[in-house]
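Report on the structure given below.
The values are calculated or read from the model by the stated rules, or taken from the named source; none is laboratory data. This structure is a prediction, so every number in the text was calculated from the model and none was measured. Using ideal geometry, Cβ is built from the backbone for each residue, glycine included, and neighbour counts are taken over all protein chains shown. Note: accessible area is taken over every heavy atom of the protein model, side chains too, but ligands, DNA and RNA are not part of it. Shrake-Rupley method; radii C 1.70, N 1.55, O 1.52, S 1.80 Å.
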Amino acid sequence: MNEILKVINLTVKIGNRIIIQDINLSVNRGEIVAILGPNGGGKTTLIRTCLGFIKPYKGKVLLFGTSPKKAIKTGKVGYLPQKSITPKNFPFSAIDVVLLGLVNKKIPKDEKIKIAKKYISYVGMSGFENYPFSQLSGGQQQRISIARLLVAEPEIIFLDEPATGVDVVAQEGFYEFLRKLKEEKNITIIMVSHDIGVVGTFVDKVAGLNKKLHYYGEPKGFFQKHILEQLYGAEVRLLIHSPECISCEYFYIETPSKKEEN
Ligand SMILES: Nc1ncnc2c1ncn2[C@@H]1O[C@H](COP(=O)(O)OP(=O)(O)O)[C@@H](O)[C@H]1O
Ligand SMILES: [Mg+2]
């Protein structure tokens, strides 16, 4: 089956408030999709609804042609939630964290350790197996967390702001790594991100979400002033490196919410 995720006329209300409205999405196997939009725009809500964590909702979500709840049980779906700060006394080593991804597999312990080491190497973290997870850098923690997803051999992974808290150099390495994941394992990746500049260069589709889906398609069509203004509001400021570059990736966007964070 080529179409892995299909969302039809999805509306989610929390209490009386509409959080996301009339969302339509179609994601094919092996695609990388970035969900972009301002804080509070409903990105996490959309992902969590696709994973079956938010109910009730209006409309339809089909993951592998079935309900999210059933799809999750097949083990084909991985999810990395929006990152919370790891407490300094978090007692697990890197390999312990990766092994958590295999808790439901009925295979011998030494086999699990072999698999965990293989994926730690795959994410470029060999040598850190016994390092305390809490003492790794943000980027290293993300790689180990991805290894935890990969040991279960998912076909689709949902990553909620995986590069937040990761320094810029590590971020680029991380995006290259996602690309490799797609190319070598044909894994479908749905990712929430804030880095619209970087994202444009390596994703297949962009979903611009601010309650409604203002854009869904190839990155190049996304970088238009009217779409960015619809999405981020009138205060959006585009700093474009070269005048003809409005439709390419060389710009930086500053939103009111981003200013507050800094
Ligand atoms: N459990 C909840 N209860 C009440 N409001 C919520 C809940 N989850 C999300 N919201 C609200 O829904 C909106 C979208 O949130 P979210 O999906 O987290 O946005 P994003 O991930 O784009 O920042 C926000 O205004 C948030 O306050
Ligand atoms: Mg969020």
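Could you please find all residues in region 37-46 being crowded, with 23+ Cβ neighbours inside 10 Å and either more than 12 Å from ligand 2 (Cβ to nearest atom) or in a helix (DSSP H, G or I) (or both)?
Scanning region 37-46 gives Lys43, Leu46.
Per-residue answers, yes or no, for (1) assigned to a helix (DSSP H, G or I); (2) closer than 20 Å to Ile35 by Cα; (3) away from ligand 2 (no atom under 16 Å from the Cβ):
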| residue | (1), (2), (3) |
| --- | --- |
| Ser134 | yes, no, yes |
| Gln141 | yes, no, yes |
| Ile146 | yes, yes, yes |
| Leu159 | no, yes, no |
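Name the residues in region 1-36 that are open to solvent by 20 Å² or more (accessible area, probe 1.4 Å) and in contact with a helix residue (DSSP H, G or I) (Cβ under 9 Å, 6 or more places away or on another chain), would you?
Of everything in region 1-36, those that are open to solvent by 20 Å² or more (accessible area, probe 1.4 Å) and in contact with a helix residue (DSSP H, G or I) (Cβ under 9 Å, 6 or more places away or on another chain) turn out to be Ile14, Ile19, Glu31.
For the subset of region 7-30 comprising residues that are over 24 Å from Val203 (Cβ atoms) and among the hydrophobic types (A, V, I, L, M, F, W, C), which member is nearest to ligand 2 (Cβ to nearest atom)?
Once the filter is applied, the top-ranked residue is Ile14.
Please give the number of the condition Lys83 fails out of (1) buried (at least 17 other Cβ atoms within 10 Å of the Cβ); (2) more than 16 Å from ligand 1 (Cβ to nearest atom); (3) in a loop (DSSP other than H, G, I, E, B).
Lys83 satisfies all of (1) buried (at least 17 other Cβ atoms within 10 Å of the Cβ); (2) more than 16 Å from ligand 1 (Cβ to nearest atom); (3) in a loop (DSSP other than H, G, I, E, B) except (2).
Tell me yes or no: at least one residue of region 103-126 is hydrophobic (A, V, I, L, M, F, W, C), within 16 Å of ligand 1 (Cβ to nearest atom) and touching a helix residue (DSSP H, G or I) at 6+ places or on another chain (Cβ under 8 Å).
No, region 103-126 has no match at all.
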